[in-house]
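Values quoted throughout were computed directly from the atomic coordinates according to the rules given, and no laboratory measurement underlies them. Computed from a predicted model, the values in this text were never measured in an experiment. For neighbour counting, all protein chains shown are included, and Cβ atoms are generated from backbone atoms with ideal geometry for every residue, glycine included.
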Amino acid sequence: MPRAPSSPVDPAVDAAALLRRLGFFGLFVVLPLAAQVARRATVVLAPIAVALLILAGAIDGKYRPMRPRAIKLLQAPAFLAGLLVLSWSLLSLVWTPFLEPATERLLNIVATILMTLAAYLFLPDRMRSANLYLLPVGTAAAALLAIALGLFGHGFLRGVTSDEGGLDRGVTLLVLLVWPAVAWLRSRGRDVESLGLALLVAAALVVSPGAATLVALAVGATAFAVTAYRPALGTRATAAAVAGLLVVAPILPFLARPVGAALFGPVAPGVLTLKTWQKVVTTEPVRLVTGHGFETALRARFVNLLPMNAPTTLLFDLWYELGVVGALASAFALHAAIRRSGREAAVLVPGAMAAFAAAFTVACIGVGLTAIWWLTTLALAVLVFVAVERGQFRTRRPKLGLRRPANDA
């Protein structure tokens with residue numbers, strides 16, 4: 001009996017596929033679950049998973065040519081504006097009163113950016129659906145764990161050491177990961193599953209402590225609905241709202257404080273915070289141009305350079321640290337990035353707008369500017385959307401032909 005010809009086996013390709021599967025399993029399943037019970041899960045596990053993806057790409061070489069992609073990236077207006085923000089942050093080290101911690105934080109941010117760029121360059125040109133389906137599975141599993149923790153507390157996990165506050169970071173990660181997961185399911189025609197996943201994450205946020213993430217999810221859902229109905233309108237509105245708030249941030253306390261005083265009283269904590277913001281703007285107008293230097297918004301509170309009730313929001317921190325140059329450059333970078341995202345896959349645009357809106361809401365509510373776990377979370381959200389976009393090369397399954405060949409007829 002003649003033997004059937006055996007298909008060639010390439011151990012390197014098989015090893016790369018295994019490493020890539022492990023990397024995505026770590027990003028999409030292990031990391032969201034671990035983030036519910038450990039504060040540093042994102043910072044610790046993300047570099048490991050990204051290293052596996054980079055190693056897999058280096059082995060099988062399935063990524064796109066790097067030179068034209070790097071040139072295109074360097075020519076992108078959003079990327080150039082981001083470089084300006086980073087350069088201005090570096091220059092602000094000259095006048096920051098906290099040189100050593102600011103330098104360390106800036107180096108950590110640069111390392112996070114380089115890690116994200118490396119993973120972006122080494123992602124395969126075409127993503128396997130089996131890897132991307134891990135995203136909704138991991139998001140759903142993490143949402144179920146968050147619901148259990150919200151209902152029964154961390155005592156639900158007997159024998160597992162958890163950190164105080166880890167649940168807040170975990171559900172914040174869910175707020176960002178749910179939108180690429182929903183976008184992927186919708187791109188595969190699974191609208192019912194995508195709706196169920198969104199409702200499951202919403203339930204996790206309802207039973208979790210704190211309302212900030214629930215507000216962020218609601219804002220993201222609004223952006224999703226508007227963009228799904230009118231894609232051009234949703235994209236323009238999201239870009240304009242994000243960039244506009246960054247530009248007019250110093251005026252916001254003067255507009256919001258009278259309204260807050262009328263609704264909640266002049267001595268309400270939020271109203272007093274707005275009063276502090278007003279005082280910072282009016283007493284140091286020159287600093288609106290240069291800023292106080294990188295990494296000063298948080299540390300200035302502990303040395304009496306800034307009142308303890310000063311706002312902890314992206315809008316305040318960005319202007320306080322980097323001034324008009326950093327604020328306008330950041331606004332332009334975000335506006336350009338939002339308008340550019342999703343052009344190659346229209347089905348992903350609502351999810352991308354929802355992720356932008358939710359992330360910006362979280363940053364404005366109280367995460368601040370330079371928390372490493374938050375920047376790592378944002379980097380993961382970007383990589384996830386890139387991976388989902390690479391999985392859109394075939395959105396429909398081939399149909400079986402109904403007509404028989406002429407010879408059979």
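One table, with the values for the structure above:
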{"read-out": "Percentage relative contact order, region 3-95, counting C-alpha pairs under 8 Å, at least six apart", "value": "30 percent"}
{"read-out": "Ascending count of other beta-carbon atoms within 10 Å, so fewest first, for M115, M66, M127, M353", "value": "M66, M115, M127, M353"}
{"read-out": "L107 paired with R128, simple spin-label distance in nm, labels 7 Å along Cα-to-beta-carbon", "value": "3.9 nm"}
{"read-out": "For F122, F254, F302, F224, order by how many other beta-carbon atoms lie within 10 Å, fewest first", "value": "F302, F254, F122, F224"}
{"read-out": "Shape call, region 314-392: gyration tensor on alpha carbons, a/c limit 1.5", "value": "prolate"}
{"read-out": "Protection proxy ranking of 290-296, 380-386, 58-64 - average other beta-carbon atoms within 10 Å, highest first", "value": "290-296, 380-386, 58-64"}
{"read-out": "Three-way shape call for region 63-208 based on the alpha-carbon gyration tensor, with the a/c threshold at 1.5", "value": "oblate"}
{"read-out": "Cα-based shape type of region 220-330, given that a ≥ b ≥ c are square roots of the gyration tensor eigenvalues and the cut on a/c is 1.5", "value": "oblate"}
{"read-out": "Residue order, fewest to most beta carbons within 10 Å, for F360, F332", "value": "F332, F360"}
{"read-out": "Counted charge near I48, where neighbours are those whose Cβ lies closer than 15 Å (Asp, Glu -1; Lys, Arg +1)", "value": "+3"}
{"read-out": "Reciprocal mean inverse distance between Cα atoms of region 283-342 - Kirkwood radius, Å", "value": "12.4 Å"}
{"read-out": "The chain, relative contact order in percent, only Cα pairs under 8 angstrom and at least six apart counted", "value": "25 percent"}
{"read-out": "Fraction in percent of alpha-carbon pairs per bin - 5 Å, region 271-315", "value": "5, 21, 31, 34, 9, 1"}
{"read-out": "Surrounding net charge for V242, when Lys and Arg each add one and Asp and Glu each subtract one, Cβ distance under 14 Å", "value": "+3"}
{"read-out": "Ellipticity estimate at 222 nm from DSSP helix runs (n ≥ 4, -39,500 (n - 2.57)) divided over the chain, nearest 500", "value": "-22500 deg cm²/dmol"}
{"read-out": "Local net charge near W277, Cβ-Cβ under 15 Å (Lys/Arg +1, Asp/Glu -1)", "value": "+2"}
